[in-house]
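The next block holds one structure in the form of structure tokens; read it before the comments.
The values are calculated or read from the model by the stated rules, or taken from the named source; none is laboratory data. Everything numeric here is computed off the predicted structure, so don't read it as measured data. With ideal geometry, Cβ positions are generated from the backbone for all residues, glycine too; neighbour counts draw on all protein chains shown. Just so you know, the surface numbers come from the protein's heavy atoms only, side chains and all, with ligands and any DNA or RNA stripped out. Shrake-Rupley method; radii C 1.70, N 1.55, O 1.52, S 1.80 Å.
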Amino acid sequence: MYQYDTVDRQMLADRTAEFRGQVARRLSGELTEDQFKRLRLMNGLYLQLHAYMLRVAVPYGSLNPTQMRKLAWIGRTYDKGYGHFTTRTNLQFHWIRLKDAPDILDHLATVDMHAIQTSGNCIRNVTADPYAGATAEEVDDPRVWAEALRQWSTFHPEFSLLPRKFKFAITAAPKDRTAARVHDIGLVLRRARDGALGFEVIVGGGMGRTPYIGPTIREFLPANRLMSYMEAILRVYNRHGRRDNNYKARIKILVAALGTEEFTRQVEAEWAKIGDSVDLPDTELARIRGAFTRTGFETLPARSEVFEAAKASNPALARFARNNLKPHKKPGYAIVEISLKGIGETPGDATSEQMEAVADLAERYGQDDIRVTHEQNLVLPHVKLDDVAAVWAGLHAAGIATPNINLVSDIIACPGLDYCALANARAIPIAQHIAEKFRDPDRAEKVGELKIKISGCINACGHHHVGHIGILGVDKKGEEFYQLTLGGSGAEDAALGSSLGPALPYEKVADAVDTLVDVYLRERQDGERFLDTFRRTGVTPFKEAVYADAH
Amino acid sequence: MKALTANRLTDGDVVFWKDGQWVERFADAQLWADDDPAAVEAEGHGKAQGTTVIDVYLIDLIESEGFWAPLSYRERIRALGPTNHPHHGKQAEGGAVVEALQHAHGAARSTGRVNLIKRK
Amino acid sequence: MPTLIELKDTLARTVDDPFTHVADGDDLATGDVIVSLTRFQADGERLLSEGRRVGVRVAAGEEVEALAYDLPRLSVVALDFPKNLDGRAFSNARLLRERYGYRGEVRAVGDVLREYAAFMVRCGFDAFEPADGASANEWQAATGRYRHVYQRSADDRSPAFVERQG
């Protein structure tokens with residue numbers, strides 16, 4: 001974890017004081033709703049269907065146990081005893097009272113947390129690889145750069161009224177767990193042959209109404225020039241992005257309209273003029289790097305006899321290990337993924353008790369480190385293999401040992417029409433119905449990696465465009481219908497899904513997914529994932545099976 | 001028929017207009033015939049209460065077999081609460097009307113035209 | 001006539017505006033004027049030759065690059081904030097200060113709101129025509145709310161990474 005210093009803390013204190021004043025002015029009637037709305041949105045406070053929603057930033061998805069406990073406490077004190085982890089790796093409380101919001105922000109500030117820039121047309125929370133610092137795949141720790149970006153983008157005076165919201169993803173591993181190619185800017189850390197660090201810069205990806213896989217505009221940006229280059233991109237966007245139509249205001253539209261070559265030319269020309277005055281000096285980069293709590297690893301054998309014995313006597317643990325454990329860079333350690341996708345539960349929801357259980361486990365067995373993934377799960381990045389059985393037991397007791405990471409029931413879903421004022425259809429019950437179909441864990445494991453992503457409207461918070469199976473809720477004359485897409489991917493092999501066929505009514509969706517899986521199991525060749533099979537066969541066999549009844 | 005709805009400023013709770021007051025239950029909401037000018041008049045009064053409520057608007061209702069319900073699914077969810085947490089929101093209160101609401105809710109799903117609340 | 005607030009050395013005060021805003025179709029009045037970019041390109045030479053002080057009003061969609069060679073002759077560049085929270089004037093202001101070294105007045109006009117006062121100051125604005133009725137005191141409070149800043153901009157504030165070096 002990055003440790004806040006006085007500057008960081010005073011920044012939050014000044015912010016909470018400002019917001020407390022704004023809320024008081026609203027409640028007294030000094031501010032109208034029109035005037036106040038943009039102010040509360042600058043603090044992540046939305047009005048949803050049933051109450052206010054407060055979106056708390058979890059910068060680059062990184063939390064310590066103290067912060068997690070505070071979130072649990074806020075959930076219990078000011079909400080209904082739970083919180084919802086989002087595809088932006090933030091945490092949303094769905095039952096907040098306006099009059100409590102200033103107090104909540106004060107409580108968050110005591111643990112170095114806030115809701116700054118979790119909404120509005122500004123630079124939002126940065127997504128980073130949830131395995132940062134733990135995976136052997138990475139060339140550097142992306143959190144250092146994510147923190148640098150967090151500071152640079154916080155209250156950036158020039159880029160706080162952009163044409164539209166703006167989202168970064170950063171990873172340092174070839175295996176992309178951040179959906180970098182569908183972000184406004186995706187940054188992939190690379191090392192040149194001479195060892196120098198740099199970024200591949202991807203600009204203009206995105207989902208929503210007009211999805212794009214972002215093109216690379218620079219193969220290698222020297223790492224210490226990051227801020228000036230980002231400033232150049234944002235300046236070109238701020239000046240030239242469309243402001244006449246909200247649906248065409250994201251940077252992806254500008255990049256597509258200008259063409260990658262011309263957009264790149266404009267950015268490079270601006271960058272040349274900006275120079276290096278806004279770049280962070282090496283001393284500050286070193287300070288940020290040093291402000292992350294050091295992880296200490298013991299020298300351990302790669303194989304843990306304790307763990308092997310526990311697995312042999314406990315099939316549930318063995319199943320959990322098969323699906324939720326990922327390789328760690330150090331022998332004798334593992335990355336443990338915690339699924340927030342219990343069968344029949346709401347994807348991404350965690351109760352206050354569950355948050356506290358995770359905090360306890362992170363403290364006892366996980367070097368005080370917790371991550372949130374954009375797939376709405378949690379990660380304990382540094383767990384000794386010797387301790388995995390104890391971690392599993394703790395998770396099991398808290399009801400969050402679901403062994404389904406990357407499986408068919410590990411579904412992304414936005415809050416949808418059950419909560420969201422923008423939604424056209426529900427997403428959560430669709431996820432629940434599909435998960436129920438694959439309640440049998442043997443069947444789910446047999447199906448293997450299959451990413452289902454559900455959005456309740458075209459804004460695509462549920463990332464449906466990049467689901468292996470994507471599901472988009474639409475409203476047809478007051479009824480909920482769902483359009484299915486196949487073959488999308490948000491990973492390093494990024495692709496947009498293609499349409500399966502006419503939209504299906506609410507009660508047909510889970511059956512249709514079941515049918516799609518059956519077709520895959522019938523068609524698949526050795527080792528193929530659902531996505532690979534689809535890419536080989538195309539849509540036809542899937543389409544025929546799902547719409548067979550219709551003929 | 002129409003009803004007037006809003007969210008309360010201080011806590012965001014869904015409220016309905018009844019004789020100059022805001023009430024929390026759809027069951028208690030005042031209803032107007034589609035062409036009753038009193039509905040628009042009430043909407044005007046509601047919109048003037050900027051320190052009490054926000055997002056004031058009229059919703060369309062449909063009537064069938066003696067039950068009344070908001071026409072749109074979104075409004076039915078506002079009147080009840082989220083479907084994934086049956087104990088959250090207005091539906092948590094229980095009682096005969098809420099039970100009627102919840103019962104009708106199942107039938108509501110695919111038709112978009114449901115009878116949620118018994119009038120009279 | 002809108003109030004004009006001037007900010008000097010972090011002190012905001014209300015001042016009498018010596019300039020008259022002249023719309024494109026209107027008479028060029030007498031004395032010091034602020035005209036649109038188009039009008040300036042047509043009548044600028046004449047106005048300056050009359051010994052008047054001249055300001056140019058730059059719309060959000062216009063670019064200050066168009067004034068590059070005229071800046072030394074201009075007393076005011078007024079950058080417009082249209083409704084709908086349009087931040088293009090922020091970029092225009094920074095370019096005026098940082099790229100062209102413009103030392104004259106950079107004035108915020110249009111939908112000028114105190115919530116964005118601190119950002120305006122950081123981008124190089126030093127005069128404001130508030131659209132929200134803010135007083136000089138309120139404006140000053142709004143610009144001085146934050147003790148620290150994280151990034152370099154067109155003002156002379158030390159960003160956190162410099163402060164931290166002590």
Checklist outcome for this item: Between B:Val40 and A:Thr210, Cβ-based FRET efficiency (R0 41 Å, step 0.05) works out to 0.60
Checklist outcome for this item: When the charge dipole of the protein assembly as shown is computed with +1 at the Cβ of Lys and Arg and -1 at the Cβ of Asp and Glu, the Cα pointing farthest to the positive end, of A:Val517, A:Ile116, C:Val121, is that of A:Val517
Checklist entry - Once Lys and Arg get +1 and Asp and Glu get -1 on their Cβ, which of A:Ile170, A:Ala148, A:Gly198 lies farthest toward the positive end of the dipole of region A:137-209? => result A:Ile170
Checklist outcome for this item: Within region A:212-299, DSSP-loop GluC sites (Glu not before Pro) with at most 10 other C-beta atoms within 10 Å are A:Glu298
Checklist entry - Under the definition of Cα pairs under 8 Å and six or more residues apart, what whole-number percent is the relative contact order of chain A? => result 13
Checklist entry - For region C:1-153, what is the largest minus smallest coordinate of the Cα atoms on each principal axis, given in angstrom and ordered from greatest to least? => result 46, 31, 30
Item to check | Cα-projected label distance for A:Leu521 with A:Glu298, points at 7 Å along beta-carbon direction, nm | outcome: 4.3
Next on the checklist: Angle check, please: helix C:37-49 long axis (alpha carbons) against the longest principal axis of chain C (alpha carbons), in degrees 0 to 90, nearest 10.
Outcome noted: 70
Checklist outcome for this item: Relative to the compact-globule estimate 2.2 N^0.38 Å (N residues), the Cα gyration radius of region A:299-366 stands at a ratio of 1.27
Checklist outcome for this item: Normalised per residue, the volume inside the convex hull of the alpha-carbon atoms of region A:6-109 in Å³ amounts to 106
Next on the checklist: Among the listed pairs A:Lys99/A:Lys252; B:Lys47/C:Lys83; A:Lys167/A:Lys477, which have their C-alpha atoms separated by more than 26 angstrom in this model?
Outcome noted: A:Lys99/A:Lys252; A:Lys167/A:Lys477
Checklist entry - What does the charge dipole of region A:305-398 about its Cα centre add up to, to the nearest 20 debye, if the Cβ of each Lys and Arg holds +1 and the Cβ of each Asp and Glu holds -1? => result 460
Item to check | Nearest-20 debye value, chain A charge dipole, Cβ charges on Lys, Arg, Asp, Glu | outcome: 1020
Checklist outcome for this item: Sorted by accessible surface (1.4 Å probe, heavy atoms of the protein chains only), largest first, A:Glu337, C:Glu163 come out as C:Glu163, A:Glu337
Next on the checklist: Need one number: nm distance between label points at A:Glu445 and A:Glu544, each 7 Å from Cα along Cα→Cβ, rounded to one decimal.
Outcome noted: 3.3
Checklist entry - Which pairs, out of A:Lys37/B:Lys2; A:Lys165/A:Lys248; A:Lys341/A:Lys453, put more than 18 Å between their alpha-carbon atoms? => result A:Lys37/B:Lys2
Item to check | Residues with amide H under 5 Å from that of A:Arg190, placed H, sequence gap 5 or more | outcome: A:Gly198, A:Phe199, A:Glu200
Item to check | Backbone HN-Hα couplings from phi across region C:52-69 [Karplus 6.51/-1.76/1.60, Hz, Gly and Pro as x] | outcome: 7, 7, 10, x, 10, 9, 10, 5, 4, x, 8, 10, 5, 3, 5, 9, 2, 8
Checklist entry - How much of the accessible area of region C:83-133, in percent, comes from carbon and sulfur atoms when a 1.4 Å probe is used? => result 44
Item to check | Whole-percent pair-distance distribution, where bins are 10 Å wide, for the alpha carbons of region A:230-283 | outcome: 24, 46, 22, 7, 0
Checklist entry - Taking N as the number of residues in chain A, what is its Cα Rg relative to 2.2 N^0.38 Å? => result 0.94
Next on the checklist: With θ taken as phi - 60° and the coefficients 6.51, -1.76 and 1.60, list the Karplus ³J(HN,Hα) couplings across region A:112-129 in order, rounded to whole Hz; mark glycine and proline as x.
Outcome noted: 6, 10, 6, 10, 5, 6, 8, 7, x, 8, 9, 7, 8, 4, 7, 8, 10, 4
Checklist entry - So how strong a dipole does region A:412-550 carry about its Cα centre when Lys and Arg Cβ are +1 and Asp and Glu Cβ are -1, to the nearest 20 debye? => result 240
Item to check | Alpha-carbon Rg/Rh ratio, for region A:134-290, with Rh computed the Kirkwood way | outcome: 0.95
